[in-house]
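The values are calculated or read from the model by the stated rules, or taken from the named source; none is laboratory data. Note that this is a predicted model, so its numbers are computed, not measured. Every residue, glycine as well, gets a Cβ built from its backbone with ideal geometry; the counts of neighbours run over all protein chains shown. These area figures cover heavy atoms from the full protein model, side chains too; ligands, DNA and RNA do not enter into them. Shrake-Rupley method; radii C 1.70, N 1.55, O 1.52, S 1.80 Å.
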There are 2 protein chains.
Amino acid sequence: MTMTTTDEKIESHTLTILVDNEPGVLARVIGLFSGRGYNIESLTVSEISESRELSRITIVTPGTPSFIAKISAQVERLIPVHRVYDLSLREDTIFRELALLKVAGKGENRVEALRLAEAFQADVVDASLEHFVFELRGRSKKITQFIELMKPLGLVNIVRTGVIAVSRGSERM
Amino acid sequence: MTMTTTDEKIESHTLTILVDNEPGVLARVIGLFSGRGYNIESLTVSEISESRELSRITIVTPGTPSFIAKISAQVERLIPVHRVYDLSLREDTIFRELALLKVAGKGENRVEALRLAEAFQADVVDASLEHFVFELRGRSKKITQFIELMKPLGLVNIVRTGVIAVSRGSERM
């Protein structure tokens, strides 16, 4: 028997939580995290259109594997919660995020912003002579990197969706 | 003086809420909605990377303009909340959402799924002989429409980010 808890690493985990689509569920799930001092790095929630009765919550939270297992079990015990999956435990998970960035600048900064946007395959969704709105999607790390590069070039505003995730293959998760 | 409150329409509004990035804020904001029976259609939250001290919450909620104004004022009175904007009140707002869809099928269904994905400019991010994972972005209406079209073709799984929004022009919102 091997005990590995002592050298566990704190890493971000992406939890997918299937819940009944009813008022107050989100407040209860989030309350459970904040009540125990768990930090939420990103959160998305939307109805699952194949069934109007279910919603899917995706939460990114940092912790050791055993802490994540504990909070997952606690969330799963809530009545309106059906299932909790930790998609970070699978090597084949697809992670995606979308961001809108507004960058205002002139001259060389403006040229450089557009050049980097092309390199990152960001789309221009709005533009004037003095600003761009870029739309970028990909893994969170890529989006964070793009944001860092835009900072010295006149970054005005950022909106990020937070992470969604789905397994590879034909499985239902 | 014109009174228009009597013929107000119930419509989805997209609220952008700037808050201090501290534990429990999200629970308080959401608690305010659920405590008053407001429905949340979608919610995203993420750190604003230009300032680690702020997070942005985007909530889509249905209501008449006067109800939305009331809940916005209540949210703005919470201590960790800085500003609430109703981006639906502006005609020039850019709305975006991202979705991952898993579709499993064979034969003509599979061909039709790929054909529709091309028409909607969805990307194939994973595939086998029996399934596709499509990545689609755009306005929520477009994503909902694509989901409806995939349902009879073997839709296995949907994950949506929920809506993010940004104003056109160089303004900071």
Consider B:Leu155 carefully, then state whether it is within 19 Å of A:Thr44 (Cα to Cα) and of a type in the set (A, V, I, L, M).
no
Go through A:Arg110, A:Arg96, A:Arg115, A:Arg77 for me and flag whichever is under 28 Å from A:Gly169 (Cβ atoms) and of a type outside the set (S, T, N, Q).
A:Arg96
Just name the residue that is nearest to the other protein chains (Cβ to nearest Cβ) out of those in segment A:6-29 that are open to solvent by less than 20 Å² (accessible area, probe 1.4 Å) and at pLDDT 90 or above.
A:Thr16
Of everything in segment A:138-168, what is farther than 18 Å from B:Glu135 by Cα, hydrophobic (A, V, I, L, M, F, W, C) and open to solvent by 10 Å² or more (accessible area, probe 1.4 Å)? Give them in sequence order.
A:Leu149, A:Leu153, A:Leu155, A:Val156
Among the residues of segment A:49-66 satisfying the criterion of being buried (at least 17 other Cβ atoms within 10 Å of the Cβ) and away from every other protein chain (no Cβ under 12 Å), which is nearest to A:Arg160 (Cα to Cα)?
A:Gly63
Report the residue count in segment B:114-131 for those that are over 17 Å from B:Thr161 (Cβ atoms), within 13 Å of chain A (Cβ to nearest Cβ) and open to solvent by less than 20 Å² (accessible area, probe 1.4 Å).
1
Quick check: anything in segment A:64-78 outside the structural domain of A:Lys141 (by TED's automatic domain parsing) and in a strand (DSSP E or B)?
no
The condition of being outside the structural domain of A:Phe67 (by TED's automatic domain parsing), in a strand (DSSP E or B) and either closer than 22 Å to B:Arg172 by Cβ or in contact (Cβ under 8 Å) with a residue 12 or more places away in the chain (or both) holds, among A:Val124, A:Val84, only for A:Val124
Filter segment A:124-159 down to residues that are β-branched (Val, Ile, Thr) and in contact with a Ser or Thr (Cβ under 8 Å, 6 or more places away or on another chain) and give me whichever is farthest from B:Leu100 (Cα to Cα).
A:Val156
